[in-house]
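Accompanying notes for the structure given below.
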Amino acid sequence: MQTIDIIVFAVFTLGVVVFGCSFFRKGSTSEDFTHAGRSLPGWVVGMSIFATYVSSISYIGYPGKAFASNWNAFVFSLSIPVASYFAARYFVPFYRRGGSVSAYTFLEEKFGRWARLYASACYLLTQIARMGSILYLLAVPMHILMGWNLHVVIIATCVAIILYSMLGGLKAVIWADAIQGIILIGGALLCLAILLFSMSEGPAQAFQLAIDSPDGNKFSLGSFGTDLTTSTFWVCLIYGVFINLQNYGIDQNYVQRYHAAKTDRDARFSALFGGWLFIPVSALFFLIGSALYSYYEAGVAPLPAEIQAKPDYVFPYFIVHGLPVGLRGLLIASIFAAGMSTVSTSVTSAATVILTDYVKPFARHATERHHVFVLRLSSVIVGVLGIIVAIAMLSVESIIDAWWTLSSIFSGGMLGLFLLGIMPRRIGRGAALMGCVAGIAVIAWISLGRMWNLPGVHLHEYLAIVLGTTTIFLTGFLATCIFRSDRQKY
């Protein structure tokens, strides 16, 4: 890194922190922190939803995945139109009519407090795992670029993110997301252009080498077979449909943004815009990964064996050795943009869940001042837990695999409970509880099957959310039908 690169990176990163802190107001309320006073235009909220999707997992993990294997993980993005349609049509009006900023309030109204606490606990675990994954991927480029200690980078980065998230609240996070989203797209496009036009025979050579790879076509979307024990096209697609429906339907990150938009129309637009924008941008990241393979396969530059063995390190290594002075700083800044926007979103949403679902119901006489204090203290606690997870991630081989597995396990039961809650037919509280117990058992069996070599077929971990959700929904629905039928006999 030359001095100009460090200056570009430092100016951007400090600028984001200062910009976020500028939203601090001495007399701000908990509502200002949690849903920005319902004052933001649709395009800004949509960019924030997009930036929430595009984290450092996308910026580094997707190229690493395409470099090492193929575009199988891109199938996840192809499921987004289904989820964004349902969000704009049903989820946005549902939450804006409900009024509560918590995504889990209606679960308590339907099934009792246990349902609200269960779903919110699943959400908090998922967000802490996500923060850890992203903080790890933020630290990797700086370790490769300057040899900085990974632990120090993780801690310092998270402290900076907590600072502006805690002081500026959701409005600061959303506006920062919008700016960071624009910068990260620009940085990725510049990087792809340099990769393609660095080939001696032009961009066509990059595509041909990737297609003719000895390991198989780098643009392949995976096997179209019916094997449920590996990451086939269908496993990724089904996983994507369920996880994206969960994101849009019951993820606090998204629900808060629905409330932050000025009007219902702005909120619906933001749901569609943010999701659809992610599809071409995620394809851009996978294309960078395929181009990186061709770049090093063609011998344009050497790639050390220790870097090749760690696919998540390949893109940062290219940034260091393959980009001109100045642009390196911009690319690292755009990677930080992707990560900071997602971590700040997780911080504010997790703090909101802690206040609305764990503090307010049990401390009904707390004042507004106490609520603001809880939000800021929760931001710090969640950030510290994210740091711990990030440090634990240092031994992971593929961050994409680790994150998708953790998110499938931790969040596996939330969507099933949500679907039971919005059913036109009233589902009994006992039936919903039975469904959750059955769903958790299925998720545990899938998650621990390979690790403990349990009897039976060992399904892929991505299917934990699919089968967990299905089990909860079907068990709850059937139990309601059976118990009602039994009562009608007497």
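The values are calculated or read from the model by the stated rules, or taken from the named source; none is laboratory data. As the structure is a prediction and not an experimental result, all values here were calculated from the model. All Cβ positions, glycine included, derive from the backbone under ideal geometry; neighbour counts span all protein chains shown. These area figures cover heavy atoms from the full protein model, side chains too; ligands, DNA and RNA do not enter into them. Shrake-Rupley method; radii C 1.70, N 1.55, O 1.52, S 1.80 Å.
What the table below lists for this structure:
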quantity: Surface share of carbon and sulfur [accessible, 1.4 angstrom probe, percent] for the chain; calculated: 68
quantity: Per-residue SASA entry for residue 212, accessible area with 1.4 Å probe, Å² rounded to 10; calculated: 100
quantity: Computed [θ] at 222 nm, helices only, for the chain once each DSSP H run of length n ≥ 4 contributes -39500 (n - 2.57); calculated: -24000 deg cm²/dmol
quantity: Rg/Rh (Cα only; Kirkwood hydrodynamic radius) as it applies to the stretch 117-220; calculated: 1.11
quantity: In Å², nearest 10: area of residue 3 left accessible to a 1.4 Å probe; calculated: 100
quantity: The stretch 225-334 shape via C-alpha gyration tensor axes, a/c threshold 1.5; calculated: oblate
quantity: Integer Hz, Karplus 6.51/-1.76/1.60 couplings in order for the stretch 77-87, x for Gly and Pro; calculated: 5, 5, 8, 5, x, 4, 5, 5, 4, 4, 5
quantity: Most to least accessible of 218, 360, 310, 262 (protein chains only, probe 1.4 Å); calculated: 262, 360, 310, 218
quantity: Residues of the chain: accessible area per residue with a 1.4 Å probe, Å²; calculated: 38
quantity: Leading residue at positive end of dipole, the chain (Cβ point charges), from 195, 90, 466; calculated: 90
quantity: Span-like helix ranges in the chain, DSSP H, alpha carbon extent 20 angstrom or more, Kyte mean at least -1.0; calculated: 3-21, 113-146, 150-197, 233-250, 264-297, 327-353, 368-392, 429-452, 463-488
quantity: Members of 110/171; 171/360; 218/310 lying beyond 19 Å, as alpha-carbon distances in this model show; calculated: 110/171; 171/360
quantity: 5 angstrom amide H check on residue 218, placed H, neighbours 5+ away; calculated: 211, 213
quantity: The stretch 81-187 - percent relative contact order, Cα under 8 Å, separation 6 or more; calculated: 10
quantity: Dipole magnitude of the chain, debye to nearest 20 (Cβ charges: Lys/Arg +1, Asp/Glu -1, about Cα centre); calculated: 2120
quantity: Label assignment, Cα extents along the principal axes in Å derived from the structure, set (i) 69, 48, 43; (ii) 73, 55, 42; (iii) 82, 58, 41; calculated: (iii)
quantity: Tensor-based shape of the stretch 35-80 (alpha-carbon gyration tensor, a/c under 1.5 rounded, otherwise prolate or oblate); calculated: prolate
quantity: Label point 7 Å beyond Cα of residue 308 along Cβ direction - residues of the stretch 187-218 with amide nitrogen under 13 Å; calculated: 214-215
quantity: Net charge of Cβ neighbours under 15 Å - reference residue 117; Lys, Arg +1; Asp, Glu -1; calculated: +2
quantity: In Hz, Karplus ³J(HN,Hα) per residue of the stretch 59-67 (6.51, -1.76, 1.60; θ = phi - 60°; x = Gly, Pro); calculated: 5, 10, x, 5, x, x, 5, 5, 4
quantity: Using alpha carbons only: equivalent-ellipsoid semi-axes of the stretch 261-402, gyration tensor based, whole Å; calculated: 40, 21, 13
